[in-house]
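Before any comments, here is the structure.
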Amino acid sequence: MRRVLVNGHRSKGQINRNLYGHFAEHLGRCIYGGFYVDPGQTEIPQQGGLRLDVIQALKQLDIPLLRWPGGSFADTYHWQDGVGPKTSRRPMINAVWGGTLETNHFGTQEFLELCQRLGCEPYITGNTASGDIQELKAWVDFCNLPAGLPGAELRTACGYPEPWHVRYWGIGNEPWGGGKASDARFYALQYRQFARFLRSDPQHPLCRVACGASVDDYSWTQVMMQELGTEMDLLSLHYYTRPYKDWGQKGPATGFSRQEYYNTLENAFYMDELIENHSRIMRQYDPASKVRLAVDEWGTWFAPEAATNPAFLYQQNTMRDALVAAIHLNLFNNHCDTVAMANLAQTVNVLQALILTDGPRLLLTPTYYVFLLFKAHQAARQLETFAETQLISHGDASLPDLSASASQSEDGSVLLTLANLDDQNSQDLTIYLDGIGASPLHLPQAGGALLSGGLRGAGAYNCFEQPERVKPEQLAVTSAGPGKLIVRLPESSIAAIRVAL
Ligand code: AHR
(Lines give C-alpha, C1' and ligand atoms only; values in the text may rest on other atoms or scores of the structure.)
Protein backbone atom coordinates (compact mmCIF):
# COMPACT_ATOMS: atom_id res chain seq x y z
CA MET A 1 0.00 0.00 0.00
CA ARG A 2 1.51 3.33 -1.08
CA ARG A 3 1.02 6.52 0.97
CA VAL A 4 -0.08 9.97 -0.19
CA LEU A 5 -0.03 12.84 2.29
CA VAL A 6 -2.03 16.02 1.82
CA ASN A 7 -0.55 18.61 4.15
CA GLY A 8 -2.95 21.46 4.86
CA HIS A 9 -0.30 23.24 6.96
CA ARG A 10 1.75 24.21 3.94
CA SER A 11 0.70 25.97 0.76
CA LYS A 12 2.34 27.87 -2.08
CA GLY A 13 -0.72 30.08 -2.30
CA GLN A 14 -3.68 30.43 -4.58
CA ILE A 15 -3.87 28.51 -7.86
CA ASN A 16 -4.41 31.15 -10.52
CA ARG A 17 -7.52 30.26 -12.53
CA ASN A 18 -5.60 31.11 -15.69
CA LEU A 19 -3.51 27.95 -15.27
CA TYR A 20 -6.58 26.27 -16.81
CA GLY A 21 -6.50 28.45 -19.94
CA HIS A 22 -6.82 27.44 -23.60
CA PHE A 23 -5.61 28.49 -27.01
CA ALA A 24 -7.44 28.84 -30.35
CA GLU A 25 -5.56 29.66 -33.55
CA HIS A 26 -6.63 30.17 -37.16
CA LEU A 27 -5.15 26.78 -37.95
CA GLY A 28 -6.81 23.82 -39.65
CA ARG A 29 -10.34 23.36 -38.29
CA CYS A 30 -9.91 25.04 -34.92
CA ILE A 31 -11.82 28.22 -35.78
CA TYR A 32 -13.67 27.35 -39.01
CA GLY A 33 -15.60 24.11 -38.43
CA GLY A 34 -14.58 24.11 -34.76
CA PHE A 35 -15.69 27.28 -32.98
CA TYR A 36 -17.36 28.88 -35.98
CA VAL A 37 -19.55 27.78 -38.88
CA ASP A 38 -21.29 29.62 -41.68
CA PRO A 39 -24.26 31.38 -40.01
CA GLY A 40 -26.37 30.53 -43.08
CA GLN A 41 -26.20 26.76 -42.59
CA THR A 42 -28.93 25.03 -40.58
CA GLU A 43 -27.33 21.67 -39.76
CA ILE A 44 -25.30 22.84 -36.75
CA PRO A 45 -26.89 24.86 -33.93
CA GLN A 46 -25.16 28.24 -33.92
CA GLN A 47 -25.71 31.89 -33.15
CA GLY A 48 -23.94 34.39 -35.34
CA GLY A 49 -21.84 31.46 -36.52
CA LEU A 50 -20.64 30.51 -33.01
CA ARG A 51 -21.20 26.77 -32.48
CA LEU A 52 -23.51 26.34 -29.50
CA ASP A 53 -22.52 22.69 -28.87
CA VAL A 54 -18.84 23.68 -28.53
CA ILE A 55 -19.73 26.59 -26.25
CA GLN A 56 -21.93 24.38 -24.07
CA ALA A 57 -19.19 21.76 -23.68
CA LEU A 58 -16.54 24.35 -22.78
CA LYS A 59 -18.81 26.12 -20.31
CA GLN A 60 -18.94 22.90 -18.26
CA LEU A 61 -15.19 23.35 -17.71
CA ASP A 62 -15.44 26.97 -16.48
CA ILE A 63 -12.60 27.85 -18.82
CA PRO A 64 -10.99 31.04 -17.49
CA LEU A 65 -9.04 32.29 -20.51
CA LEU A 66 -8.79 31.85 -24.30
CA ARG A 67 -5.75 32.91 -26.35
CA TRP A 68 -6.28 34.00 -29.98
CA PRO A 69 -5.61 34.46 -33.00
CA GLY A 70 -2.27 32.60 -32.85
CA GLY A 71 0.43 31.33 -32.52
CA SER A 72 2.30 31.78 -35.71
CA PHE A 73 -0.86 32.98 -37.49
CA ALA A 74 -0.69 36.15 -35.36
CA ASP A 75 2.47 37.14 -37.28
CA THR A 76 0.44 37.61 -40.47
CA TYR A 77 -2.83 38.81 -38.99
CA HIS A 78 -4.11 42.35 -39.51
CA TRP A 79 -7.08 42.86 -37.25
CA GLN A 80 -8.72 45.62 -39.31
CA ASP A 81 -9.35 43.04 -42.07
CA GLY A 82 -11.60 41.12 -39.68
CA VAL A 83 -13.99 43.75 -38.28
CA GLY A 84 -17.19 45.35 -39.54
CA PRO A 85 -19.79 43.79 -41.84
CA LYS A 86 -18.69 40.37 -43.13
CA THR A 87 -19.35 41.35 -46.74
CA SER A 88 -16.69 44.04 -46.54
CA ARG A 89 -14.01 42.01 -44.76
CA ARG A 90 -10.82 41.46 -46.69
CA PRO A 91 -9.91 37.80 -47.25
CA MET A 92 -6.31 36.62 -47.08
CA ILE A 93 -4.27 33.49 -47.64
CA ASN A 94 -3.33 31.69 -44.42
CA ALA A 95 0.26 31.27 -45.55
CA VAL A 96 1.39 29.84 -42.20
CA TRP A 97 -1.03 26.93 -42.08
CA GLY A 98 -1.55 25.29 -45.44
CA GLY A 99 -2.20 28.26 -47.73
CA THR A 100 -5.98 28.07 -47.21
CA LEU A 101 -8.36 30.95 -47.82
CA GLU A 102 -9.01 32.95 -44.66
CA THR A 103 -12.31 34.79 -45.06
CA ASN A 104 -11.80 36.86 -41.91
CA HIS A 105 -15.42 36.11 -41.03
CA PHE A 106 -14.22 35.24 -37.54
CA GLY A 107 -12.51 38.35 -36.23
CA THR A 108 -12.23 40.44 -33.07
CA GLN A 109 -15.99 40.91 -32.65
CA GLU A 110 -16.71 37.19 -32.99
CA PHE A 111 -13.82 36.27 -30.68
CA LEU A 112 -14.94 38.66 -27.97
CA GLU A 113 -18.56 37.53 -28.28
CA LEU A 114 -17.33 33.96 -27.98
CA CYS A 115 -15.43 34.82 -24.80
CA GLN A 116 -18.49 36.57 -23.39
CA ARG A 117 -20.59 33.47 -24.04
CA LEU A 118 -17.94 31.25 -22.49
CA GLY A 119 -17.61 33.59 -19.51
CA CYS A 120 -13.84 33.66 -19.96
CA GLU A 121 -11.16 36.35 -20.31
CA PRO A 122 -9.86 37.01 -23.82
CA TYR A 123 -6.10 36.94 -24.39
CA ILE A 124 -5.09 38.55 -27.70
CA THR A 125 -1.70 38.04 -29.34
CA GLY A 126 -0.49 41.10 -31.20
CA ASN A 127 1.39 41.06 -34.48
CA THR A 128 4.94 42.32 -33.97
CA ALA A 129 6.30 40.52 -37.05
CA SER A 130 4.45 42.07 -40.01
CA GLY A 131 2.46 44.61 -38.00
CA ASP A 132 3.62 47.83 -36.42
CA ILE A 133 3.16 49.60 -33.10
CA GLN A 134 0.39 51.82 -34.41
CA GLU A 135 -1.61 48.78 -35.56
CA LEU A 136 -1.41 47.08 -32.18
CA LYS A 137 -2.12 50.31 -30.31
CA ALA A 138 -5.22 50.86 -32.48
CA TRP A 139 -6.37 47.28 -31.73
CA VAL A 140 -6.12 47.88 -27.98
CA ASP A 141 -8.00 51.17 -28.37
CA PHE A 142 -10.65 49.51 -30.59
CA CYS A 143 -11.30 46.98 -27.82
CA ASN A 144 -10.93 49.10 -24.74
CA LEU A 145 -11.61 52.80 -25.20
CA PRO A 146 -14.94 54.18 -23.95
CA ALA A 147 -17.39 55.23 -26.66
CA GLY A 148 -17.01 58.83 -27.73
CA LEU A 149 -13.23 58.91 -27.58
CA PRO A 150 -11.10 58.97 -30.74
CA GLY A 151 -10.01 55.39 -31.35
CA ALA A 152 -13.36 53.91 -30.28
CA GLU A 153 -15.34 55.13 -33.32
CA LEU A 154 -14.79 51.99 -35.40
CA ARG A 155 -16.02 49.70 -32.62
CA THR A 156 -19.06 51.89 -32.06
CA ALA A 157 -19.75 51.87 -35.81
CA CYS A 158 -19.55 48.06 -35.72
CA GLY A 159 -22.41 48.09 -33.21
CA TYR A 160 -20.49 47.73 -29.94
CA PRO A 161 -20.75 50.92 -27.88
CA GLU A 162 -19.47 49.26 -24.69
CA PRO A 163 -15.73 48.65 -24.41
CA TRP A 164 -14.62 45.06 -23.90
CA HIS A 165 -11.72 45.90 -21.55
CA VAL A 166 -9.44 43.18 -22.89
CA ARG A 167 -6.79 42.76 -20.22
CA TYR A 168 -4.35 40.19 -21.60
CA TRP A 169 -2.17 41.20 -24.56
CA GLY A 170 0.67 39.14 -25.97
CA ILE A 171 3.42 41.29 -27.49
CA GLY A 172 4.15 39.01 -30.44
CA ASN A 173 4.64 35.27 -30.71
CA GLU A 174 7.83 33.21 -30.81
CA PRO A 175 10.15 35.93 -32.16
CA TRP A 176 12.86 33.27 -32.25
CA GLY A 177 10.85 31.02 -34.61
CA GLY A 178 9.22 30.86 -38.03
CA GLY A 179 12.17 32.38 -39.87
CA LYS A 180 12.11 35.54 -37.74
CA ALA A 181 15.26 34.51 -35.88
CA SER A 182 15.16 37.57 -33.67
CA ASP A 183 17.71 37.52 -30.90
CA ALA A 184 16.61 38.17 -27.33
CA ARG A 185 18.23 41.60 -27.09
CA PHE A 186 16.52 42.80 -30.27
CA TYR A 187 13.16 41.43 -29.15
CA ALA A 188 13.51 42.98 -25.67
CA LEU A 189 13.86 46.44 -27.28
CA GLN A 190 10.96 45.71 -29.61
CA TYR A 191 8.86 44.57 -26.66
CA ARG A 192 9.61 47.82 -24.79
CA GLN A 193 8.59 49.97 -27.75
CA PHE A 194 5.34 48.11 -28.34
CA ALA A 195 4.42 47.74 -24.67
CA ARG A 196 4.98 51.41 -23.84
CA PHE A 197 2.63 52.60 -26.54
CA LEU A 198 -0.36 50.51 -25.48
CA ARG A 199 -2.85 52.54 -23.52
CA SER A 200 -3.45 51.08 -20.07
CA ASP A 201 -6.34 52.64 -18.21
CA PRO A 202 -5.56 52.63 -14.44
CA GLN A 203 -9.04 51.25 -13.76
CA HIS A 204 -8.54 48.45 -16.26
CA PRO A 205 -4.78 47.86 -16.37
CA LEU A 206 -3.39 45.74 -19.17
CA CYS A 207 -1.47 42.55 -18.52
CA ARG A 208 1.39 42.50 -21.04
CA VAL A 209 2.83 39.11 -21.90
CA ALA A 210 6.37 39.14 -23.29
CA CYS A 211 7.59 36.32 -25.52
CA GLY A 212 9.77 33.99 -23.54
CA ALA A 213 11.85 30.99 -24.33
CA SER A 214 11.42 27.98 -26.49
CA VAL A 215 11.82 24.99 -24.18
CA ASP A 216 15.24 25.20 -22.46
CA ASP A 217 16.63 28.36 -24.02
CA TYR A 218 17.72 29.74 -20.65
CA SER A 219 19.85 32.46 -22.19
CA TRP A 220 16.66 33.95 -23.72
CA THR A 221 15.13 34.22 -20.25
CA GLN A 222 18.35 35.66 -18.84
CA VAL A 223 18.57 38.40 -21.50
CA MET A 224 14.87 39.27 -21.23
CA MET A 225 15.12 39.69 -17.46
CA GLN A 226 18.42 41.59 -17.70
CA GLU A 227 17.02 44.03 -20.30
CA LEU A 228 13.45 44.42 -19.07
CA GLY A 229 13.25 43.36 -15.44
CA THR A 230 9.73 44.03 -14.29
CA GLU A 231 8.66 46.00 -17.38
CA MET A 232 6.55 42.99 -18.36
CA ASP A 233 3.77 41.33 -16.38
CA LEU A 234 4.25 37.79 -17.64
CA LEU A 235 6.98 36.02 -19.58
CA SER A 236 5.91 33.14 -21.78
CA LEU A 237 7.33 29.65 -22.21
CA HIS A 238 6.45 27.23 -25.02
CA TYR A 239 7.00 23.52 -24.70
CA TYR A 240 5.29 20.66 -26.56
CA THR A 241 5.42 17.03 -25.42
CA ARG A 242 6.47 14.43 -27.99
CA PRO A 243 7.87 10.92 -27.72
CA TYR A 244 11.07 11.80 -29.61
CA LYS A 245 13.66 14.58 -29.35
CA ASP A 246 13.98 14.85 -33.13
CA TRP A 247 11.27 17.23 -34.48
CA GLY A 248 10.98 15.21 -37.66
CA GLN A 249 9.83 12.14 -35.75
CA LYS A 250 6.60 12.68 -33.85
CA GLY A 251 5.11 9.21 -33.55
CA PRO A 252 1.42 8.38 -34.01
CA ALA A 253 -1.33 9.75 -31.79
CA THR A 254 -2.95 6.28 -31.55
CA GLY A 255 -1.48 2.79 -31.87
CA PHE A 256 1.76 3.88 -30.19
CA SER A 257 4.31 1.49 -28.68
CA ARG A 258 4.96 1.09 -24.94
CA GLN A 259 8.29 2.84 -25.46
CA GLU A 260 6.50 5.78 -27.08
CA TYR A 261 4.02 5.81 -24.18
CA TYR A 262 6.75 6.04 -21.54
CA ASN A 263 8.93 8.46 -23.55
CA THR A 264 5.92 10.78 -23.88
CA LEU A 265 5.13 10.74 -20.16
CA GLU A 266 8.78 11.20 -19.22
CA ASN A 267 8.90 14.21 -21.55
CA ALA A 268 5.74 15.63 -19.94
CA PHE A 269 7.61 15.72 -16.60
CA TYR A 270 10.31 17.82 -18.28
CA MET A 271 7.94 20.76 -17.75
CA ASP A 272 8.86 20.60 -14.04
CA GLU A 273 12.56 21.16 -14.74
CA LEU A 274 11.77 23.92 -17.24
CA ILE A 275 9.62 25.82 -14.74
CA GLU A 276 12.23 25.41 -11.99
CA ASN A 277 15.12 26.60 -14.15
CA HIS A 278 13.39 29.49 -15.91
CA SER A 279 11.89 30.80 -12.68
CA ARG A 280 15.23 30.55 -10.87
CA ILE A 281 16.76 32.85 -13.51
CA MET A 282 13.79 35.19 -13.30
CA ARG A 283 14.12 35.50 -9.52
CA GLN A 284 17.76 36.60 -9.83
CA TYR A 285 16.51 39.80 -11.49
CA ASP A 286 13.12 39.97 -9.79
CA PRO A 287 13.45 38.62 -6.24
CA ALA A 288 9.87 39.62 -5.41
CA SER A 289 8.56 37.37 -8.25
CA LYS A 290 6.48 40.17 -9.77
CA VAL A 291 6.97 38.69 -13.24
CA ARG A 292 5.50 35.21 -13.52
CA LEU A 293 5.62 32.55 -16.18
CA ALA A 294 2.86 32.13 -18.76
CA VAL A 295 3.15 28.68 -20.33
CA ASP A 296 0.91 29.88 -23.14
CA GLU A 297 1.54 26.89 -25.44
CA TRP A 298 1.77 23.36 -24.08
CA GLY A 299 0.44 19.93 -24.92
CA THR A 300 1.15 16.91 -27.08
CA TRP A 301 2.26 17.17 -30.71
CA PHE A 302 2.00 13.89 -32.62
CA ALA A 303 1.95 13.04 -36.33
CA PRO A 304 -1.25 14.26 -38.04
CA GLU A 305 -3.93 11.65 -38.75
CA ALA A 306 -3.70 9.83 -42.08
CA ALA A 307 -5.79 11.32 -44.90
CA THR A 308 -5.91 14.76 -43.25
CA ASN A 309 -4.09 17.89 -44.41
CA PRO A 310 -0.74 17.68 -42.53
CA ALA A 311 -0.74 21.48 -42.13
CA PHE A 312 -3.98 21.22 -40.10
CA LEU A 313 -2.30 19.39 -37.18
CA TYR A 314 -5.34 17.21 -36.56
CA GLN A 315 -4.58 14.37 -34.13
CA GLN A 316 -6.64 11.88 -32.13
CA ASN A 317 -6.50 11.99 -28.35
CA THR A 318 -6.05 8.97 -26.08
CA MET A 319 -5.65 8.23 -22.39
CA ARG A 320 -1.94 8.94 -22.96
CA ASP A 321 -2.89 12.57 -23.77
CA ALA A 322 -5.08 12.64 -20.67
CA LEU A 323 -2.14 11.52 -18.54
CA VAL A 324 0.08 14.20 -20.12
CA ALA A 325 -2.59 16.77 -19.22
CA ALA A 326 -2.86 15.45 -15.64
CA ILE A 327 0.93 15.59 -15.18
CA HIS A 328 1.02 19.19 -16.45
CA LEU A 329 -1.93 20.44 -14.41
CA ASN A 330 -0.57 18.83 -11.25
CA LEU A 331 2.80 20.49 -11.95
CA PHE A 332 1.21 23.86 -12.63
CA ASN A 333 -0.77 23.64 -9.36
CA ASN A 334 2.40 22.79 -7.46
CA HIS A 335 4.23 25.72 -9.09
CA CYS A 336 1.40 28.18 -8.52
CA ASP A 337 3.84 30.62 -6.90
CA THR A 338 5.74 31.03 -10.18
CA VAL A 339 3.33 30.10 -13.00
CA ALA A 340 0.36 32.44 -13.44
CA MET A 341 -1.03 31.32 -16.80
CA ALA A 342 -1.03 28.23 -19.02
CA ASN A 343 -2.82 27.57 -22.31
CA LEU A 344 -3.27 24.13 -23.77
CA ALA A 345 -2.84 23.97 -27.56
CA GLN A 346 -5.47 23.98 -29.06
CA THR A 347 -9.09 23.51 -27.82
CA VAL A 348 -10.88 22.14 -30.92
CA ASN A 349 -9.58 19.88 -33.75
CA VAL A 350 -5.90 20.90 -33.45
CA LEU A 351 -3.06 19.19 -31.52
CA GLN A 352 -4.13 18.18 -27.98
CA ALA A 353 -7.77 19.11 -28.41
CA LEU A 354 -10.55 18.98 -25.83
CA ILE A 355 -13.16 18.63 -28.54
CA LEU A 356 -13.16 17.03 -32.01
CA THR A 357 -15.84 17.85 -34.58
CA ASP A 358 -16.90 16.25 -37.82
CA GLY A 359 -19.54 18.37 -39.54
CA PRO A 360 -22.41 18.45 -37.04
CA ARG A 361 -20.88 15.70 -34.88
CA LEU A 362 -18.87 16.51 -31.76
CA LEU A 363 -16.96 14.36 -29.29
CA LEU A 364 -15.23 15.06 -26.00
CA THR A 365 -11.68 13.73 -25.74
CA PRO A 366 -10.05 12.13 -22.67
CA THR A 367 -8.17 15.44 -22.23
CA TYR A 368 -11.52 17.25 -21.92
CA TYR A 369 -12.43 15.06 -18.98
CA VAL A 370 -9.14 15.83 -17.20
CA PHE A 371 -10.08 19.53 -17.21
CA LEU A 372 -13.53 18.56 -15.90
CA LEU A 373 -12.06 16.48 -13.06
CA PHE A 374 -9.52 19.18 -12.14
CA LYS A 375 -11.74 22.24 -12.42
CA ALA A 376 -12.25 22.80 -8.67
CA HIS A 377 -8.51 23.51 -8.39
CA GLN A 378 -9.16 26.85 -10.10
CA ALA A 379 -8.66 29.70 -7.61
CA ALA A 380 -8.35 27.22 -4.72
CA ARG A 381 -5.47 27.25 -2.20
CA GLN A 382 -2.75 24.82 -3.20
CA LEU A 383 -1.85 22.27 -0.53
CA GLU A 384 1.49 20.55 -0.22
CA THR A 385 1.24 16.92 -1.32
CA PHE A 386 3.69 14.05 -0.93
CA ALA A 387 3.17 10.85 -2.89
CA GLU A 388 5.36 7.79 -2.37
CA THR A 389 6.44 6.98 -5.89
CA GLN A 390 8.48 4.30 -7.56
CA LEU A 391 10.62 4.87 -10.58
CA ILE A 392 9.39 3.23 -13.78
CA SER A 393 12.23 2.38 -16.14
CA HIS A 394 11.33 1.32 -19.63
CA GLY A 395 14.06 1.28 -22.28
CA ASP A 396 15.66 4.69 -22.05
CA ALA A 397 12.67 6.28 -20.28
CA SER A 398 12.50 6.68 -16.54
CA LEU A 399 9.82 8.53 -14.60
CA PRO A 400 7.88 8.44 -11.31
CA ASP A 401 4.80 6.25 -11.45
CA LEU A 402 2.45 8.74 -9.73
CA SER A 403 1.59 12.40 -10.19
CA ALA A 404 -0.40 14.34 -7.57
CA SER A 405 -1.60 17.74 -6.41
CA ALA A 406 -4.21 19.01 -3.98
CA SER A 407 -6.05 22.20 -3.13
CA GLN A 408 -8.67 23.52 -0.74
CA SER A 409 -11.59 25.61 -1.95
CA GLU A 410 -13.19 28.46 -0.04
CA ASP A 411 -15.94 26.15 1.21
CA GLY A 412 -13.26 24.01 2.88
CA SER A 413 -13.57 21.05 0.52
CA VAL A 414 -10.34 19.47 -0.65
CA LEU A 415 -9.61 18.19 -4.17
CA LEU A 416 -6.81 15.67 -4.63
CA THR A 417 -5.94 14.76 -8.22
CA LEU A 418 -3.79 11.74 -8.95
CA ALA A 419 -2.50 9.95 -12.02
CA ASN A 420 -1.22 6.37 -12.05
CA LEU A 421 1.20 6.30 -14.96
CA ASP A 422 2.03 2.61 -14.75
CA ASP A 423 0.39 0.88 -17.72
CA GLN A 424 0.53 -2.59 -16.16
CA ASN A 425 -0.03 -2.24 -12.43
CA SER A 426 -2.86 -0.74 -10.43
CA GLN A 427 -1.96 1.22 -7.26
CA ASP A 428 -3.49 0.81 -3.83
CA LEU A 429 -3.14 4.10 -2.00
CA THR A 430 -3.69 5.25 1.55
CA ILE A 431 -4.34 8.97 1.62
CA TYR A 432 -3.59 10.90 4.81
CA LEU A 433 -5.23 14.29 5.22
CA ASP A 434 -3.57 16.57 7.72
CA GLY A 435 -4.37 20.14 8.73
CA ILE A 436 -7.35 20.69 6.46
CA GLY A 437 -9.54 22.03 9.25
CA ALA A 438 -11.48 18.87 10.10
CA SER A 439 -11.51 17.66 13.69
CA PRO A 440 -8.90 14.94 14.33
CA LEU A 441 -11.71 12.47 15.05
CA HIS A 442 -13.57 13.30 11.89
CA LEU A 443 -14.17 10.50 9.38
CA PRO A 444 -13.67 12.17 6.01
CA GLN A 445 -16.65 12.25 3.64
CA ALA A 446 -15.16 11.68 0.24
CA GLY A 447 -16.29 10.94 -3.29
CA GLY A 448 -14.23 10.23 -6.32
CA ALA A 449 -14.24 10.20 -10.12
CA LEU A 450 -12.02 8.04 -12.26
CA LEU A 451 -10.88 8.31 -15.88
CA SER A 452 -9.34 5.22 -17.42
CA GLY A 453 -9.21 3.40 -20.71
CA GLY A 454 -10.59 0.19 -19.18
CA LEU A 455 -9.56 -2.85 -21.19
CA ARG A 456 -8.25 -0.61 -24.00
CA GLY A 457 -5.70 0.86 -21.58
CA ALA A 458 -3.57 3.91 -22.34
CA GLY A 459 -4.39 3.74 -26.04
CA ALA A 460 -8.16 4.15 -25.50
CA TYR A 461 -9.83 7.04 -27.29
CA ASN A 462 -13.26 8.33 -28.29
CA CYS A 463 -14.25 8.27 -31.96
CA PHE A 464 -17.36 9.48 -33.76
CA GLU A 465 -18.69 5.94 -33.96
CA GLN A 466 -18.07 5.35 -30.23
CA PRO A 467 -17.85 8.78 -28.61
CA GLU A 468 -18.22 7.56 -25.01
CA ARG A 469 -15.59 4.85 -24.72
CA VAL A 470 -13.58 7.03 -22.33
CA LYS A 471 -15.51 9.10 -19.80
CA PRO A 472 -15.41 9.56 -16.02
CA GLU A 473 -16.96 6.96 -13.79
CA GLN A 474 -17.38 6.78 -10.05
CA LEU A 475 -14.34 5.85 -7.98
CA ALA A 476 -14.78 3.96 -4.73
CA VAL A 477 -13.15 5.92 -1.90
CA THR A 478 -13.18 4.24 1.51
CA SER A 479 -12.91 6.12 4.81
CA ALA A 480 -10.36 4.17 6.83
CA GLY A 481 -10.30 6.21 10.03
CA PRO A 482 -9.91 9.87 10.96
CA GLY A 483 -8.16 11.74 8.13
CA LYS A 484 -7.51 8.53 6.24
CA LEU A 485 -8.84 7.28 2.90
CA ILE A 486 -8.15 4.24 0.74
CA VAL A 487 -8.44 4.07 -3.04
CA ARG A 488 -7.31 1.81 -5.85
CA LEU A 489 -6.18 3.42 -9.10
CA PRO A 490 -6.23 1.14 -12.13
CA GLU A 491 -3.40 1.11 -14.69
CA SER A 492 -2.94 4.36 -16.69
CA SER A 493 -5.74 6.16 -14.89
CA ILE A 494 -6.58 9.56 -13.39
CA ALA A 495 -8.54 10.15 -10.21
CA ALA A 496 -10.16 13.19 -8.64
CA ILE A 497 -11.01 12.76 -4.97
CA ARG A 498 -13.20 15.37 -3.31
CA VAL A 499 -13.25 15.54 0.47
CA ALA A 500 -15.96 17.56 2.18
CA LEU A 501 -15.31 19.06 5.60
O1 AHR B 1 0.39 25.54 -31.82
C2 AHR B 1 0.97 25.42 -33.07
C3 AHR B 1 2.14 26.38 -33.28
O4 AHR B 1 3.19 26.04 -32.44
C5 AHR B 1 1.88 27.83 -32.96
O6 AHR B 1 1.26 28.50 -34.00
C7 AHR B 1 3.27 28.37 -32.72
O8 AHR B 1 3.27 29.45 -31.83
C9 AHR B 1 4.02 27.17 -32.18
O10 AHR B 1 5.23 27.01 -32.78
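Points worth noting:
- Qualifying GluC sites (Glu not before Pro) in segment 434-484, DSSP loop, other Cβ atoms within 10 Å at most 13: Glu465, Glu468
- With Cα atoms, 0 to 90° folded angle of helix 258-285 axis to the chain main axis: 70 degrees
- Derived scalar couplings ³J(HN,Hα) [segment 231-236; Karplus, 6.51 cos²θ - 1.76 cosθ + 1.60; whole Hz; x for Gly, Pro]: 6, 10, 8, 9, 10, 7
- Residues of type lysines that Lys12 reaches as a straight line, Cα spacing below 16 Å, ignoring anything fewer than 8 places off in the same chain: Lys290
- Restricting the GluC sites (Glu not before Pro) of segment 366-452 to loop positions (DSSP other than H, G, I, E, B) with no more than 11 neighbouring Cβ atoms within 10 Å leaves Glu410.
- Residues of type aspartates and glutamates that Lys471 reaches as a straight line, Cα spacing below 17 Å, ignoring anything fewer than 8 places off in the same chain: Asp321, Glu491
- Ligands, DNA and RNA are left out, and with a 1.4 angstrom probe the accessible area of segment 16-380 is 35 Å² per residue.
- Cα shape, segment 214-258, gyration tensor, a/c 1.5 rule: prolate
- Charge tally around Thr128: other residues with Cβ under 11 Å, Lys/Arg +1 each, Asp/Glu -1 each, net -3.
- A simple count of charges around Thr42, restricted to other residues whose Cβ falls under 15 Å of its Cβ and scoring Lys, Arg +1 and Asp, Glu -1, yields -2.
- Kirkwood-based Rg to Rh ratio, the chain, C-alpha trace: 0.96
- Rounded to the nearest 500, the 222 nm mean residue ellipticity of the chain from helices alone is -7000 deg cm²/dmol, with -39,500 (n - 2.57) taken per DSSP H run of at least 4 residues.
- The amide H of Ile431, built 1.01 Å from its N in the peptide plane, has Val4, Leu485, Ile486, Val487 as neighbours under 5 Å, considering only residues 5 or more places off or on other chains.
- For segment 403-408, Karplus couplings with θ = phi - 60° (6.51, -1.76, 1.60), whole Hz, Gly/Pro x: 10, 8, 7, 8, 8, 10
- When the residues Thr417, Thr478, Thr103 are ordered by accessible surface, computed with a 1.4 Å probe over the protein chains alone, the sequence from largest down reads Thr478, Thr103, Thr417.
- Positive minus negative residues near Gln424 (Lys, Arg vs Asp, Glu; Cβ under 10 Å): -2
- Segment 16-380 - share of DSSP beta bridges that are antiparallel (%, nearest 5): 25 percent
- Part-to-part distance (alpha-carbon centres) for segment 310-327 and segment 197-218, which is given in Å: 28 Å
- Taking packing as the residue-averaged number of other Cβ atoms within 10 angstrom, the listed peptides 353-366, 316-329 run from highest to lowest as 316-329, 353-366.
- Per-pair calculated FRET efficiency, R0 = 25 Å: Asp358 and Thr42 via Cβ, rounded to 0.05: 0.90
- Full extension of the chain between Asn277 and Glu305 yields a length gain of 6.6 nm, computed as 0.36 nm times the residue separation minus the alpha carbon distance.
The values are calculated or read from the model by the stated rules, or taken from the named source; none is laboratory data. On a predicted model such as this, the values are computed, not experimentally measured, just so you know. Heads up, the Cβs are rebuilt from the backbone with ideal geometry, glycines too, and the neighbour counts pull from every protein chain shown. In case anyone asks, the SASA skips ligands and DNA or RNA and just uses the protein heavy atoms, side chains included. Shrake-Rupley method; radii C 1.70, N 1.55, O 1.52, S 1.80 Å.
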